[in-house]
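For reference, the structure discussed in these notes is given below.
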Amino acid sequence: RAMRVGGFTVYDTFVNNQQRNLSDIVELNTQISSGKKIQNGYEDTNVFIDTLRLTNEKATLEQISDTTQKAKTFSDNTDVGLGQMKDALEDFKTKLIQGANGVHSNTSIQAIANDLQSLKEHMLNTANTSLNGNFLFSGTNVKTKPFDAEGNYFGNAEQLKAQAGDELQIGYNIDGASLFFGND
């Protein structure tokens, strides 16, 4: 038996093909103009899932970049403080050797003692250096001033860590307990 194809069936098939082609053209035009392969998640779930994953990874990488930049700034300022501390300790040692010389008058001994007191105050001020309200040598107690005028330590011996990857944390500070009271 032969099946009869009527004019309506041919017309209906033609219209359906035209609508499908027009829909495909509109979809391609939208992709070209927006630069996106899909507009909605249901159009291609694999692409949608990959987009979500990549967006999350991008946000994570931006956060890691921001955190490591802040840690670098903190470390750079710590290095400056350590350099100042080293210079002050060298001056302190030189003044102690001068004072132990034994050929000084009471006036010069008093002058050396005043210099030593000034160097001590400078070292305490350096040990209490802060960056944006965070003390460099307080361990993880960054909001606590690490030293009082007598040299008592109020920070802790813990290290600040920056997230530098999925499972990678890098320490970036030197706590005052280790620096000033640790092993030589």
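The values are calculated or read from the model by the stated rules, or taken from the named source; none is laboratory data. Computed from a predicted structure; not experimentally measured. Backbone-built Cβ (ideal geometry, glycine too); neighbour counts: all protein chains shown. All accessible areas refer to the heavy atoms of the entire protein, side chains included, with ligands and DNA or RNA removed. Shrake-Rupley method; radii C 1.70, N 1.55, O 1.52, S 1.80 Å.
Here's the list of aspartates and glutamates a cross-link from Lys95 could span, going by alpha-carbon distance under 16 Å and ignoring same-chain residues fewer than 8 apart: Asp87, Asp115, Glu121. Farthest toward the positive end of the dipole of the chain, out of Thr107, Asn156, Ala127, is the Cα of Asn156, where the dipole comes from beta carbon charges about the Cα centre. Charges were assigned to the Cβ only: +1 to each Lys and Arg, -1 to each Asp and Glu. The resulting dipole of region 1-143 about its Cα centre is roughly 380 debye.
Label zone of Gln31 (point 7 Å out along Cα→Cβ, amide N under 18 Å): in region 40-72 this covers 40-52.
Using only the alpha-carbon atoms of region 79-158 as identical scatterers, what base-10 log of I(q)/I(0) does the Debye formula give at q = 0.11, 0.14, 0.15 Å⁻¹? Log-scaled intensity ratios, in q order: -0.37, -0.54, -0.60.
Taking only alpha carbon atoms, region 66-124 gives an Rg to Rh ratio of 1.26, where Rh is the Kirkwood radius. Ligands, DNA and RNA excluded, the heavy atoms of Ser65 present near 70 Å² of accessible surface to a 1.4 Å solvent probe.
The equivalent ellipsoid that matches the C-alpha gyration tensor of region 19-111 spans semi-axes of 74, 11, 6 angstrom, in descending order. With helices as the sole contributors, the chain gives -21500 deg cm²/dmol at 222 nm; each DSSP H run of n ≥ 4 counts as -39500 (n - 2.57), and the sum is divided by every residue. Counting heavy atoms of the protein chains alone, Arg53 has an accessible area of about 110 Å² for a 1.4 Å probe.
Take the Cα of Asn101, step 7 Å toward its Cβ, do the same at Lys145, and the gap between the two points is 3.6 nm.
Take the chain, connect every pair of alpha-carbon atoms lying under 10 Å apart with a spring to form a Gaussian network, then pick out the residue of Thr140, Thr51, Thr78 with the largest mean-square fluctuation. Judging by the Gaussian network model, the answer is Thr51. Under 26 Å of direct C-alpha separation, and excluding same-chain neighbours fewer than eight residues apart, Lys36 reaches these lysines: Lys58.
Solvent-accessible surface (1.4 Å probe) assigned to Thr73 amounts to roughly 60 Å².
One Cα centroid belongs to region 114-154, the other to region 98-112; the line between them spans 29 Å. Partners of Lys72 within straight-line reach, counting lysines whose Cα lies under 17 Å from its Cα and excluding those fewer than 8 residues away in the same chain: Lys161. Can you work out the base-10 log of I(q)/I(0) for region 134-181 at q = 0.19, 0.25, 0.28 1/Å, using the Debye formula on its C-alpha atoms alone? Debye output, listed in q order: -0.56, -0.82, -0.95. Rg/Rh for the chain (Cα atoms only, Rh after Kirkwood) is 1.53.
In plain terms, the chain from Leu82 to Asp50 could stretch by 6.9 nm, reckoned as 0.36 nm per residue minus the Cα-Cα distance.
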